[in-house]
Amino acid sequence: DLLLLGVHCVMVLVVCLAAVVTIAEPTSVDIGGSVYMPRVNLGTCCGSDPAIGVGPWFQVGGVGIDTAWDYGNQASLGQQLRAPGKLRDSYFVTSKVPAGDHMPGSPGIPGACSADPNASLAYV
């Protein structure tokens, strides 16, 4: 529980810092086609556990989630994103994909435009 408290404190600090930075800046950027991407996203890489970070991120008002195919945590992330009361259009997911079919497990170019089935997201 001490770890969870620490995660909550870090998340609050990140959001507070983001709020200070975004006073002069909009909180999102238009990336085209009337799609707005949040300027601040929760990263899910490097051994982080979505079961620990995603819930608190949403609780403090975070909406951006950054992930990648090679993080290998799609199932856990998808479970957190499908939490009761969380509508798909209430958060924004960015994901990096391998650059071609030559990489093991690569979705290739066609997969770059679709969601990861392991996360059970309709779109990214």
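No lab work stands behind these numbers, since they all come straight from the coordinates. All of these numbers come straight from a predicted model, not from anything done at the bench. In this analysis, Cβ positions are derived from the backbone assuming ideal geometry, glycine residues included, and neighbour counts consider all displayed protein chains.
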If packing is taken as the mean number of other Cβ atoms within 10 Å per residue, what is the order of 52-62, 25-35, highest first? 52-62, 25-35
Sort 87-94, 39-46 by packing, meaning the average of other beta carbons within 10 Å per residue, with the highest value first. 39-46, 87-94
